[in-house]
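Below: one structure, written as structure tokens.
Quick note: the coordinates plus some simple rules give every number you see, no bench work behind them. This structure is a prediction, so every number in the text was calculated from the model and none was measured. Here the Cβ is made from the backbone with ideal geometry for all residues, glycine too, and neighbour counts use every protein chain on show.
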Amino acid sequence: MRTTDGSRCLPVRRLSLAACVAVLAACTTAPPASPDMAWVAQARSVATAVPPKLVSVLQEEIARSGHEGAVQACSDKAPAMAREASAASGWNVKRVSLRNRNPQAVPDAWERAVLEDFDRRAAARVPPAQLERAEVVFENGKPIQRYMRALPVVELCTNCHGTPDRIAPAVAARIKTLYPQDRGTGYGLGDIRGAITLRRPAS
Ligand code: HEC
């Protein structure tokens, strides 16, 4: 069992209580937070509020200027909405992906491990709404509250993140111009496109 990663510290259902205590004591980070802790509920409410707002902005933009025009809108507005949510909530809010389009959307080590876990659980047919992770992680000795929630691919997303046959040539061209290093295509329905990720100091 790895002890440097708190997320690995709780496959303890089959262990005795004493063994659990020993396992927890060996962890260098806190175990995954209980889903009903107050800070987790706060993070969850921010994380669940932002994506539907972004989807309605996208839908308006698609109606106004087609998917091609909406690529530009997504490029400008999605990061701006994350910044607004950060300012309003006190959490640092952004989106990340294992195959990022936005060069800023690269996950750090903790986020990467969580995204890989989301992919495994999605493949095992866990409903995307249940794919979240909350944990207090120590960075330079300081406790940081971290929360992630999966962003699953629905029909709308495939116009810009799907397999090549799903993406209109004009949309593909626009994406290539704005994001020459794009890795954010090839997704199918139900795949995990990435996650919304939140962090703030614990104290
Ligand atoms: C009109 C095209 C378009 C549609 C539709 C679209 N996206 Fe995106 N997506 C983009 C663009 C452009 C970016 C890069 C700019 C940014 O950071 O938002 C992006 C970035 C992202 C990111 C940030 C990580 C990364 O790879 O850069 C996630 C996560 C994401 N999209 C998920 C989704 C999901 C889930 C849907 C469907 C609900 C969706 N997108 C629909 C164009 C689109």
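Within the stretch 57-87, being among the polar types (S, T, N, Q) and more than 9 Å from the ligand (Cβ to nearest atom) holds for Ser65, Ser86.
Identify, by number, the condition in (1) surrounded by 13 or more Cβ atoms within 10 Å (Cβ to Cβ); (2) in a helix (DSSP H, G or I) that Ser56 doesn't meet. The single condition Ser56 does not satisfy is (1). Filtering Arg99, Arg133, Arg112, Arg121 for residues that are closer than 17 Å to Leu189 by Cα, basic (Lys, Arg) and more than 9 Å from the ligand (Cβ to nearest atom) leaves a single hit, Arg121. Take the stretch 185-199 and flag every residue that is without any contact (Cβ under 8 Å) to a residue 40 or more places away in the chain and either loosely packed, with under 13 Cβ neighbours inside 10 Å or within 7 Å of the ligand (Cβ to nearest atom) (or both). Answer for the stretch 185-199, where residues must be without any contact (Cβ under 8 Å) to a residue 40 or more places away in the chain and either loosely packed, with under 13 Cβ neighbours inside 10 Å or within 7 Å of the ligand (Cβ to nearest atom) (or both): Gly188, Leu189. All conditions in (1) more than 8 Å from the ligand (Cβ to nearest atom); (2) in contact (Cβ under 8 Å) with a residue 12 or more places away in the chain hold for Pro169, with the sole exception of (2).
Does Asp182 satisfy being surrounded by fewer than 21 Cβ atoms within 10 Å (Cβ to Cβ) and more than 11 Å from the ligand (Cβ to nearest atom)? No; evaluated as a whole, the condition is false for this residue. When the test is whether a residue is assigned to a loop (DSSP other than H, G, I, E, B) and in contact (Cβ under 8 Å) with a residue 40 or more places away in the chain, Ala105 passes it. Looking only at the stretch 88-99, decide whether some residue is more than 25 Å from Asn140 (Cβ to Cβ) and in a helix (DSSP H, G or I). Scanning the stretch 88-99, I find at least one residue that is more than 25 Å from Asn140 (Cβ to Cβ) and in a helix (DSSP H, G or I), so the answer is yes.
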